[in-house]
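Here is the structure we will look at.
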Amino acid sequence: MRSTLTLSATLLATGLFTAGPALAQSQAVKTVPTSAGPVEVRRFADGLERPWGIDFLPDGRALVTEKPGRLRIMARDGSLSAPLAGTPKVFTQGQGGLMDVAADPDFARNRTVYLAYAEPGDGSGGGGTAGTALGRGTLGERGIEGFQVVFRQSPKVDGGNHFGTRIAFAPDGHIFLTLGERFKFEPAQKRDNTLGKVVRLNRDGSVPTDNPFAKEGATAGAIWSYGHRNIEAAAIDPRSGSLWIAEMGPKGGDELNRPEAGKNYGWPLVSWGKHYDGRDIPDPPTRKEFTDAVIHWTPVISPSGMAFYTGGLFRDWQGSALIGGLSAKGLVRVAIDGGNAREVERIPLDARIRDVAQGPDDALYVITDAADGAVLRLAPAK
């Protein structure tokens with residue numbers, strides 16, 4: 001494997017890195033009040049079109065996706081590479097596109113990168129059917145090499161809504177992948193498809209034999225939990241190893257859940273929200289066979305992206321889940337104790353937040369959902 005210095009030099013020599021306006025030193029800074037004291041919010045990297053996912057590499061650089069289908073490397077100074085080669089063709093209708101990115105837990109050894117994206121069913125990136133897919137490849141000198149799809153949501157359906165999706169690695173090495181129900185409602189309740197599900201996979205995409213429905217066939221076998229609507233936030237609590245997700249409700253009723261093996265979370269038969277036309281949906285407590293949310297929000301926060309904070313810059317936030325809010329336009333901080341959770345504060349950022357990650361410097365990095373999107377860096381004000 002090349003050293004970080006050698007790889008970075010190669011990328012500069014080949015033009016993959018661009019100096020541009022993305023350098024941190026040149027970006028605007030503002031201060032926002034929080035429970036941890038004043039926080040400096042710096043526009044760290046610019047020039048991103050609808051950025052969707054961010055994940056840091058062991059050497060301090062980060063991978064950033066753009067919804068239209070581009071993957072870039074963000075250097076430690078905030079400069080961005082040109083789009084990397086080798087990424088898959090994506091379905092770009094509606095909410096579809098290139099979405100989450102995650103470095104393999106053993107990236108330092110195998111240089112494997114996972115991408116979750118909306119995959120077109122007919123080979124084109126426009127209309128037609130589509131579904132969420134998960135693939136992996138090796139990060140080489142010029143891009144992703146040997147990209148292969150390891151999981152496909154089934155079936156592919158028409159429409160451009162509710163793809164999910166987030167990737168989370170469990171402590172035992174399995175992959176959790178969150179999948180929206182593609183705005184099709186009823187399939188979320190059935191196990192003959194993977195719409196509205198959390199799936200649990202081996203890293204090669206195969207189905208673990210200890211999954212709750214492993215004996216029901218390949219499709220049901222991948223399912224960890226079901227009855228979900230549209231999950232765009234997921235993270236592992238490092239203290240317990242538990243998966244937490246935040247999913248979007250309809251008109252009201254966004255949810256924070258801790259998905260457990262084999263549990264049904266009720267959508268679309270129950271919800272804390274209403275249909276968009278105002279029709280009522282029974283509340284979750286009316287159906288005891290369904291598992292209720294740990295927290296629900298009305299008005300909605302439109303959760304997207306989540307990270308558990310473990311660093312030293314914000315000691316008061318250690319152990320908290322920080323959830324990106326699209327309509328909340330900031331971060332929602334949730335204190336979690338075992339299986340219990342409560343919202344404790346909101347950190348106003350005046351931007352639709354699509355994803356959040358803790359950097360190797362213990363600062364928080366969030367990406368904004370905008371045509372002129374950016375990476376923002378949050379650190380204590382000096």
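Going by the alpha-carbon gyration tensor, a ≥ b ≥ c the square roots of its eigenvalues, is the range 125-189 rounded (a/c under 1.5) or, if a/c is not under 1.5, prolate (a/b greater than b/c) versus oblate? Kindly include the intermediate steps, with their values, before the conclusion.
Values: a/c = 2.92, a/b = 1.43, b/c = 2.04.
Judged from the Cα gyration tensor, the range 125-189 comes out oblate (a/c at least 1.5, b/c at or above a/b).
Calculate the dipole size of the range 303-382 relative to its Cα centre from +1 charges on Lys and Arg beta carbons and -1 charges on Asp and Glu beta carbons; express the result in debye to the nearest 20. Present the calculation step by step, with values, prior to reporting the outcome.
Numbers: 9 positive and 10 negative charges, 21 e Å.
Charge dipole, the range 303-382, about its Cα centre: 100 debye, nearest 20.
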**Request:** List the aspartates and glutamates whose Cα lies under 12 Å from the Cα of Lys184, skipping any in the same chain that are fewer than 8 positions away.
**Result:** Asp158
**Prompt:** Can you work out the FRET efficiency for the pair Lys190 and Thr298, with r the C-beta to C-beta distance and R0 = 25 Å, to the nearest 0.05?
**Reply:** 0.40
**Asked** In nm, to one decimal, how far is the Arg315 label point from the Ser35 one, both placed 7 Å along Cα→Cβ?
**Response** 1.6 nm
**Message:** In the chain, if the dipole is taken from +1 on Lys/Arg beta carbons and -1 on Asp/Glu beta carbons about the Cα centre, which of Gly241, Val149, Thr219 is farthest to the positive end?
**Reply:** Val149
**Fill in**
Under the helix-only model (-39500 (n - 2.57) for each DSSP H run of 4 or more, divided by the residues of the chain), the mean residue ellipticity at 222 nm, to 500 deg cm²/dmol, is -1000 deg cm²/dmol
**Message:** If I model a spin label at Ala370 and Asn110 as a point 7 Å from the Cα along the Cα→Cβ vector, what separation in nanometres do I get?
**Reply:** 3.8 nm
**Asked** Which lysines have a Cα lying under 22 Å from the Cα of Lys382, excluding residues fewer than 8 positions away in the same chain?
**Response** Lys30
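Would you mind calculating the gained length between Ala261 and Asp77 on full extension (0.36 nm times residue separation, minus the Cα-Cα distance), in nm to one decimal? Can you show the working numbers first?
On the way: separation 184, 0.36 × 184 = 66.24 nm, distance 4.16 nm.
Stretched out fully, the Ala261 to Asp77 stretch lengthens by 62.1 nm.
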**Asked** About its Cα centre, what dipole magnitude does the range 153-247 give when the only charges are +1 on Lys and Arg Cβ and -1 on Asp and Glu Cβ, stated in debye to the nearest 20?
**Response** 60 debye
**Prompt:** Toward the positive end of the charge dipole of the chain, about the Cα centre and with charges on Cβ (Lys, Arg +1; Asp, Glu -1), which of Ala335, Pro285, Pro299 goes farthest?
**Reply:** Pro299
**Heavy-atom accessible area per residue - the range 214-314, 1.4 Å, Å²** = 38 Å²
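Could you sort Arg203, Arg346 by accessible area so the largest value comes first, with the probe set to 1.4 Å? Walk me through the numbers on the way to the answer.
Values: Arg203 65, Arg346 110 Å².
Greatest to least solvent exposure: Arg346, Arg203.
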**Message:** Before I look further, what does the range 31-154 give for accessible area per residue, probe 1.4 Å, in whole square angstrom?
**Reply:** 34 Å²
**Prompt:** For the range 173-314, what does the alpha-carbon gyration tensor say about shape, rounded, prolate or oblate, given a ≥ b ≥ c as the root eigenvalues, a/c under 1.5 as rounded, and a/b over b/c as prolate?
**Reply:** oblate
**Message:** Past 23 Å, Cα to Cα: identify those pairs from Lys190/Lys274; Lys67/Lys329; Lys190/Lys215; Lys156/Lys197; Lys67/Lys190; Lys197/Lys251, in the order given.
**Reply:** Lys67/Lys190
**Prompt:** Leaving out ligands, DNA and RNA, what percent of the accessible area of the chain is carbon and sulfur, probe 1.4 Å?
**Reply:** 50 percent
**Prompt:** Of the chymotrypsin sites (Phe, Trp or Tyr not before Pro) in the range 85-184, which ones lie in a loop per DSSP and count no more than 15 other C-beta atoms within 10 Å?
**Reply:** none
**Complete:** Computed for the chain: size of charge dipole around the Cα centre, +1 on C-beta of each Lys and Arg, -1 on C-beta of each Asp and Glu, debye to nearest 20, value 240 debye
**Request:** Evaluate the Kirkwood expression for the hydrodynamic radius of the range 61-130, namely the inverse of the mean inverse distance over all pairs of different C-alpha atoms, and round to one decimal in Å.
**Result:** 13.0 Å
**Request:** Run through every distinct alpha carbon pair of the range 54-207 and return the Kirkwood hydrodynamic radius in angstroms, one decimal place.
**Result:** 15.7 Å
**Asked** Cα gyration tensor of the chain, axes a ≥ b ≥ c as square roots of the eigenvalues: rounded (a/c below 1.5), prolate (a/b > b/c) or oblate?
**Response** oblate
**Fill in**
Of the residues Trp267, Val198, Phe314, the Cα lying farthest along the dipole of the chain towards its positive end, which is defined by charges on the beta carbon of Lys, Arg, Asp and Glu, belongs to Phe314
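The values are calculated or read from the model by the stated rules, or taken from the named source; none is laboratory data. In this text, all values refer to a predicted model and were calculated from it rather than measured experimentally. Here the Cβ is made from the backbone with ideal geometry for all residues, glycine too, and neighbour counts use every protein chain on show. Accessible surface is based on the protein model in full, side chains and every heavy atom, while ligands, DNA and RNA are left aside. Shrake-Rupley method; radii C 1.70, N 1.55, O 1.52, S 1.80 Å.
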